[in-house]
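Here's the structure, in structure tokens; my notes come after.
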Amino acid sequence: TVLILDFGSQYSHLITRRIRELGVYCELLPCTQKMADLHFKPKGIILSGSPYSVYDKDAPRVDPAVFDAGVPILGICYGLQEMTTHMGGSVVACDHREYGHAMLTVAKHPDHPFIDKLFDGLSGDIQVWMSHGDQVSAAAPGFTVIANTRTAPFAAVAHNEKHFFGIQFHPEVTHTVDGQALLKNFVIGICECAASWSMDSFVDKEIERIRSIVGPNGRVIGAVSGGVDSSVAAKLMHEAIGDRFHAILVDNGVMRLNECANVKKMLGEKMGINIKISDASDLFLERLKGVTDPEKKRKIIGNTFIEVFEAEAALVDKECGGNIEYLLQGTLYPDVIESISFKGPSATIKTHHNVGGLLEDMKLKLIEPLRELFKDEVRALGKILGLDDELVWRHPFPGPGIAIRVLGEVTKEQVEIARLADNIYIEEIKKNGFYRQISQAYAALLPVKAVGVMGDKRTYEQVIALRAVETKDFMTADICASAEWFVCLKRVSSRIINEVKGVNRVVYDISSKPPATIEWE
Ligand code: XMP
């Protein structure tokens, strides 16, 4: 295992991704992690970049024990500066913030072959990506310069005895052309980690782990939504403990067209998962009556969900003799990282259903088999577990569902219009081969009426807005806008107007995120 200590850089997650792509397991922990409290012994440590300057009053610092752990260390950008300051070198502010490409010249050291290992196999000038306002002005004692750029004389340094390395550029971004080769040199060549982390080994290990936690008689309950994460978590749980896993799907009345029946077919009939559908659609819609404020809608749906799920869980528990001990949640690694970051939970994280009451009242313990994985790893896991491609590549769908896509008051009739339009939209997207390249697409129903003409008659009906975005992390997103895509949109528009009663106009949302969000509410 490689330990990555996070100083809050926007690229820290990427370091973790890159190392795992090399088949080496790694964990990202906040830079405030105490070495004495670590639950594993790392074979190497990486110090990330940071938005801070080492001379800031509140600059994040690592536990000095990091430098006495006796394992190789790679400091990236701020990580290099932190290591340099700690070990007696100096760092100064650059005259100009350097951001963008730079050419790196690597120096060889035949007398110290070990420090040449970082650039093993890389020769000549290397294109690297810089993003910094400070830089090293004097290397710490014992450090040798192993590479420089025109403006950074200490672009890469190494300590021959301690096996500490520091680089000013970012190897984790794709703009650094040989970045992955450099990271490989560090984790495999220098730290001597084995490239043995793979999804296959994860499945076996995780099933074993679940079995040993739950025991031969214990039971687990969990909510499923038809989304990728909860479906993969449910499948894994089913593989581990079979019918002792109880899945519950709460019908909140604002799901996609035929969603409950589809999930029942997929998870229940096809995968053999013990699933119960709890139809609470009337209750949700009753509580949403007259509510137009988006935040209020979210709260009502979130709270009602908890209430319904808790009641169902208590029922299932009673039916099987009070043996439910665990609550399954499909928490992913980015959520875990977010909640343990040294800066505290950030406001950008999406709202999760908080079933805290269950944990307290029924004394359930949490079980989170996906908490070490990134989204694309969850998809890979889903494939290994035999989930249909359709499910593995499904676009995300928000917990409050169509309620936040029917702008204004949510009624059964309005939900039905949005649902039918969305279904046509997704059908055409799939038929025309756009589904995989789009990150998320949906139809929203606007609370306005427009004039139109159909046959010889004037119409006065509602407007559907189509949204389609491409994004890596859903924090920022671009709209889909190719010429071929507009041809597809035209077809969607004509089908919706012809097939969905109550709609006479379709518009396409061309706002990127930020400043717009992906959802309208
Ligand atoms: P926004 O609208 O914030 O959406 O740009 C970013 C991503 O999060 C999804 N989203 C939600 N997911 N519960 C969820 O489970 C929610 O309340 C929620 N709100 C937004 C949204 O669909 C997009 O993928």
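Rule-based calculations on the coordinates, nothing more; no lab input. For clarity, every value in this text was computed on a predicted model and none was experimentally measured. Cβ atoms come from the backbone with ideal geometry, glycine included; neighbour counts cover every protein chain shown.
A few points about this structure:
- Electrostatic tally near GLN33: other residues with Cβ closer than 10 Å to its Cβ, Lys and Arg +1, Asp and Glu -1, net -3.
- Most simply put, the chain has about 50% antiparallel DSSP beta bridges, counting only bridges with both residues inside it.
- Cα pair distances exceeding 17 angstrom across region 69-149, given as percent: 54 percent
- Residues TYR99, TYR442, TYR508, arranged from fewest to most other Cβ atoms within 10 angstrom of their Cβ, appear as TYR99, TYR508, TYR442.
- Pairs spanning more than 19 Å between alpha-carbon atoms, out of LYS43/LYS184; LYS117/LYS162; LYS264/LYS363: LYS264/LYS363.
- Fraction of alpha-carbon pairs over 14 Å apart in region 51-107 - percent: 65 percent
- Separation between Cα centres of region 382-404 and region 220-267, rounded to whole Å: 11 Å
- Computed lengthening from ASP120 to ASP68, 0.36 nm per intervening residue step minus Cα-Cα distance: 16.1 nm
- Summarising the overall dimensions of region 172-217 from its C-alpha atoms, the Rg and Dmax are 16.9, 52 angstrom.
- Cα-projected label distance for HIS112 with ASP361, points at 7 Å along beta-carbon direction, nm: 6.4 nm
- Sorted by Cβ density within 10 Å, fewest first, the residues GLU82, GLU307: GLU307, GLU82
- With the Kirkwood sum run over all distinct C-alpha pairs, region 276-326 has a hydrodynamic radius of 12.4 Å.
- Angle of helix 412-431 to the longest C-alpha principal axis of the chain, folded into 0 to 90 degrees and rounded to 10: 60°.
- Beta bridge orientation in region 57-202: antiparallel %, DSSP, nearest 5: 85 percent
- Cross-link partners of LYS365 among lysines, defined as those whose alpha carbon lies under 25 angstrom from its own and excluding same-chain residues fewer than eight positions apart: LYS205, LYS235, LYS276, LYS299, LYS318, LYS350, LYS375.
- Net charge of Cβ neighbours under 15 Å - reference GLY272; Lys, Arg +1; Asp, Glu -1: +2
- As a calculated quantity, the FRET efficiency between ASP204 and LYS57 at R0 = 51 Å, using C-beta atoms, amounts to about 0.55.
- Cα-based equivalent ellipsoid of region 31-178: semi-axis lengths in Å, sorted from largest, via gyration tensor: 23, 19, 14
- Over all orientations, region 7-70 has a Cα convex hull whose mean projected area works out to 4.7 square nanometres.
- Interatomic Cα distance distribution for region 104-201, bins of 10 angstrom, percent: 15, 48, 29, 7, 1
- Cα-based radius of gyration of region 402-453 once divided by 2.2 N^0.38 Å, which approximates compact folds: 1.29
- Simple spin-label estimate for GLU310 and ASP243 gives 3.0 nm between the two label positions (7 Å along the Cα-to-Cβ direction from each Cα).
- Computed extension gain for ARG491 through ARG150, at 0.36 nm per residue and net of the alpha carbon distance, reaches 117.3 nm.
- For ASP317, the shell of other residues with beta-carbons less than 13 Å away shows a net charge of 0, using +1 for Lys and Arg and -1 for Asp and Glu.
- In range of the label at VAL92: residues from region 139-166 whose backbone nitrogen is under 13 Å from the point 7 Å along Cα→Cβ: 139, 152-154
- Relative to the longest principal axis of the Cα atoms of the chain, the long axis of helix 375-384 lies at roughly 70 degrees.
- For the pair GLU427 and ALA483, a Förster radius of 22 Å applied to the C-beta separation gives a FRET efficiency near 0.55, rounded to the nearest 0.05.
- Counting only residues at least eight positions apart within a chain, or on another chain, the lysines with an alpha carbon under 22 Å from that of LYS449 are LYS289, LYS412, LYS457, LYS490, LYS501.
- Segment GLU295-ALA261, extension gain: residue separation times 0.36 nm, minus the distance between their alpha carbons: 9.4 nm
- Förster radius 41 Å - calculated FRET efficiency between GLU161 and GLN437 (Cβ-Cβ, nearest 0.05): 0.25
- The chain, Rg to Rh (Cα coordinates; Rh as Kirkwood inverse mean 1/r): 1.03
- Region 278-330 versus region 164-180: alpha-carbon centroid distance in Å: 47 Å
- Rounded tilt (10° steps) of 12-21 against the dominant C-alpha axis of the chain: 90 degrees
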